[in-house]
Amino acid sequence: MEAFNQFNLSSLIDTAISLTTAFAHGSLIGLERQYRQRTAGLRTNTLVAVGAAVFVDMANRLNGHEGAVHVAAYVVSGIGFLGAGAIMKEGANVIGLNTAATLWGSAAVGACAGADLIREAVVGALFVLASNTLLRPVVNRINRRPVQESSGEATYSVYVICDRASQADVQEKLIELLEASSYPVRDVDQHAFGQHDTEIEANPYVTAVEAPELDRVIEQLESLPGVRQAFWSASAEE
């Protein structure tokens, strides 16, 4: 009989409006994702929006705005776990981040609808759609541009191969030359290289360098007594 006591036509209509709003705008977001054949498409984004709306609407009805705020916080963290399932790592590439972020956006739209913030839900859905459509040409244009060495972030290493008798002097000079070029050294390591030589590896703190400056350092290192070879390399940061 408790179900009959809890029945309230106006509250039911309010819930129907909230869920309809969540369904419609979650479907719009999902439709764009489905068109692009993403992992989380029409049904997933719609269900996320509707589910978030149901939870927030229920909390709002049982415990007012305070309850809705608490449940909305749980919705945010719960969707984080769902989005994590859409993120995959393939070698050095990470895919699915945009899908996870879109699910988060769908949940936000649904939470707004469940909290009776209908206009905010509409605006939120429009901005999620704009992020996935209007910004796409901008991203594609940027990605087609060649990466400039000076603007990219990477981990840099300077290597010197020298005879073991000269190792201490060469290492000291290597650090001195890098610091003089404003590339302070984070750490230095040594490795045996053959029977008589040592490879010294120095890693500067910087994430971007001027290639000609490092080339000049390499030239100075190669002119030192006991140095067999010197070179530097860069590896992209993940």
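The values are calculated or read from the model by the stated rules, or taken from the named source; none is laboratory data. In this text the structure is predicted, and so the values were computed from the model without any measurement. Every residue, glycine as well, gets a Cβ built from its backbone with ideal geometry; the counts of neighbours run over all protein chains shown. These area figures cover heavy atoms from the full protein model, side chains too; ligands, DNA and RNA do not enter into them. Shrake-Rupley method; radii C 1.70, N 1.55, O 1.52, S 1.80 Å.
The residue that is farthest from ASP163 (Cα to Cα), counting only those in segment 192-237 that are among the acidic types (Asp, Glu) and either in contact with a strand residue (DSSP E or B) (Cβ under 6 Å, 6 or more places away or on another chain) or assigned to a loop (DSSP other than H, G, I, E, B) (or both), is GLU237. Here LEU178 fulfils each of the conditions (1) more than 23 Å from SER235 (Cα to Cα); (2) in a helix (DSSP H, G or I) apart from (1). For first residues located in segment 184-209 and without any contact (Cβ under 8 Å) to a residue 60 or more places away in the chain, partners that are surrounded by 11 or more Cβ atoms within 10 Å (Cβ to Cβ) and of a type in the set (Lys, Arg) and lie 6+ apart or on another chain with Cβ distances below 8 Å form the pairs HIS196/ARG164; ASP197/ARG164; ASP197/ARG228; THR198/ARG164; ASN203/ARG186; PRO204/ARG186; TYR205/ARG186. Between a first residue in segment 48-72 that is in a helix (DSSP H, G or I) and a second residue that is open to solvent by 70 Å² or more (accessible area, probe 1.4 Å), which pairs have beta carbons less than 6 Å apart while being 6 or more apart in sequence or on different chains? Sorted first by the residue in segment 48-72, then by its partner, the pairs are VAL50/PHE23; VAL71/PHE55.
Taking segment 214-231 as the range and being open to solvent by 60 Å² or more (accessible area, probe 1.4 Å) and more than 16 Å from ASP169 (Cα to Cα) as the test, the residues that pass are ASP215, ARG216, GLU219, PHE231.
Residues in segment 18-28 include none that are modelled with pLDDT under 90 and open to solvent by 50 Å² or more (accessible area, probe 1.4 Å).
When the test is whether a residue is in contact with a helix residue (DSSP H, G or I) (Cβ under 9 Å, 6 or more places away or on another chain) and either charged (D, E, K, R) or more than 16 Å from ALA53 (Cα to Cα) (or both), ALA107 does not pass it.
When the test is whether a residue is surrounded by 15 or more Cβ atoms within 10 Å (Cβ to Cβ), in a helix (DSSP H, G or I) and more than 24 Å from the chain's Cα centre (by Cα), ASN98 does not pass it. Summed over segment 29-46, the residues that are part of a helix (DSSP H, G or I) and either acidic (Asp, Glu) or surrounded by fewer than 19 Cβ atoms within 10 Å (Cβ to Cβ) (or both) give a count of 6.
Kindly check whether there is at least one residue in segment 121-134 that is in contact with a strand residue (DSSP E or B) (Cβ under 8 Å, 6 or more places away or on another chain) and either open to solvent by less than 70 Å² (accessible area, probe 1.4 Å) or modelled with pLDDT of 90 or more (or both). Within segment 121-134 (the criterion being in contact with a strand residue (DSSP E or B) (Cβ under 8 Å, 6 or more places away or on another chain) and either open to solvent by less than 70 Å² (accessible area, probe 1.4 Å) or modelled with pLDDT of 90 or more (or both)), the answer is no, since none of the residues qualifies. Among the residues of segment 180-197, is any modelled with pLDDT of 90 or more and of a type in the set (Lys, Arg)? No, segment 180-197 contains no residue that is modelled with pLDDT of 90 or more and of a type in the set (Lys, Arg).
Quick one: is VAL69 open to solvent by less than 30 Å² (accessible area, probe 1.4 Å), under 28 Å from the mean Cα position of the chain (by Cα) and under 15 Å from ALA107 (Cα atoms)?
On the way: open to solvent by less than 30 Å² (accessible area, probe 1.4 Å): no; under 28 Å from the mean Cα position of the chain (by Cα): yes; under 15 Å from ALA107 (Cα atoms): yes.
No; evaluated as a whole, the condition is false for this residue.
Sub-6 Å Cβ pairs linking a first residue in segment 154-170 that is more than 17 Å from GLN220 (Cα to Cα) to a second residue that is surrounded by 18 or more Cβ atoms within 10 Å (Cβ to Cβ), at least 6 apart or interchain, are TYR156/PRO204; TYR156/VAL209; ARG164/THR198, ordered by first then second residue.
Look at segment 90-116: where a residue is of a type in the set (Phe, Trp, Tyr) and a partner is modelled with pLDDT under 85, sitting 6+ places away or on another chain with Cβ atoms under 7 Å, you get TRP104/ILE79; TRP104/GLY83.
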